[in-house]
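Enquirer: Below is one structure. I have some questions about it.
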Amino acid sequence: MSEKRTTDLIQAIKDKGTTIDAEMSFFDHLEVLRWHLIRSAIAIVLFTSLAFVYYDWIFDTLILGPKHPDFWTYRMMCSLGERFNLGPDFCIREIPFKIINTEMAGQFTLQLNSSLLIGIILGFPYLLYEIWRFVKPGLTEKESSSASGFVFYATLLFMLGILFGYYVIAPLSINFLANYNISTLIENTITIDSYLSSVATLTVGAGITFELPIVIFILSKLGIMTPAFMRSSRRYATVIILIIAAVVTPTPDLLTMLTVSFPLFLLYEVSIIISGRVEARRKKAELDFYSRS
């Protein structure tokens, strides 16, 4: 297996079709990539099967959790409301909507889709590990050393995002949408597909959003993103984050908005620091290169 696998793969793609050797190299690298993806798919299938077997607990406790007024987030909000005298509106005691199924195979499809979703979330760290195994041989020793914590930090950020999305964004959004109505004549009767889609989108979306520092690190390495650009765009990012926080919070009080927006502000500032460090290292490497010339 080549020590410059990723570099060779890019070159093989460029040279594909020009020579027999390039054609063989291209397909050799695709074969290696294929096995990395196959192993990742097997891990996801195993987690999906496990979720399918224990689906009763997953559905009643996890998926329908934000639907119940005794969900952890709602209980904590009631506790905080009583302690800091935030008013009765801060305590959520009812989620006024009914969940229904409108398709013949709807409940079976629900079990398959939600089990697959759980499988993907649990298998995501292993997928990152396989991606790292494929990319690592194409890196220099210095690049490999600087990115050695990729799998750990990417997994940690993803799982923190999943928890934040599930315990903060999803329940607050569900409560807001369930209580939003334009007429008392309209009753909220939600299909199970719509409910699952909302919970999954908000939860997984938060997990992906928490990968921002990793994305900024890679873009900074490529020279696409700079700390100067991110600092100049901070006011736009602030507005976007506050809009998101205002939409998903059930009440307009400052404490709830800060609870939602603070992690997003923190991620953005951490990303600026990471981009700055990458740029500083790049400039130092350039100065060392020119000083030796």
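The values are calculated or read from the model by the stated rules, or taken from the named source; none is laboratory data. Keep in mind that what you see is a predicted model, and the values were worked out from it rather than measured. Neighbour counts are summed over all protein chains in view; Cβ atoms, including those assigned to glycine, are modelled from backbone coordinates with ideal geometry.
Enquirer: Looking at (1) modelled with pLDDT of 85 or more; (2) more than 27 Å from ILE38 (Cα to Cα); (3) out of contact with any Pro (no Cβ under 9 Å at 6 or more places or on another chain), find the lone condition where LYS142 falls short.
Expert: Every condition holds for LYS142 apart from (1).
Enquirer: Every residue in region 176-231 that is within 25 Å of PHE164 (Cα to Cα) and of a type in the set (Gly, Ala, Ser), please.
Expert: ALA178, SER194, SER197, SER198, ALA200, GLY205, ALA206, GLY207
Enquirer: Follow-up question, since we're still on this one. Please enumerate the residues belonging to region 164-180 that are over 18 Å from PRO69 (Cβ atoms) and either in contact with a His (Cβ under 9 Å, 6 or more places away or on another chain) or without any contact (Cβ under 8 Å) to a residue 12 or more places away in the chain (or both).
Expert: Residues satisfying the conditions do not exist here.
Enquirer: Regarding region 136-148, can at least one residue be identified that is closer than 21 Å to ILE218 by Cβ, surrounded by 18 or more Cβ atoms within 10 Å (Cβ to Cβ) and of a type in the set (Ser, Thr, Tyr)?
Expert: no
Enquirer: Please verify whether region 95-113 includes one or more residues that are of a type outside the set (Lys, Arg), over 24 Å from LEU50 (Cβ atoms), surrounded by 16 or more Cβ atoms within 10 Å (Cβ to Cβ) and touching a Pro at 6+ places or on another chain (Cβ under 8 Å).
Expert: yes
Enquirer: Same structure again: Could you please give the count of residues in region 65-88 that are of a type outside the set (Gly, Ala, Ser) and either loosely packed, with under 12 Cβ neighbours inside 10 Å or without any contact (Cβ under 8 Å) to a residue 12 or more places away in the chain (or both)?
Expert: 8
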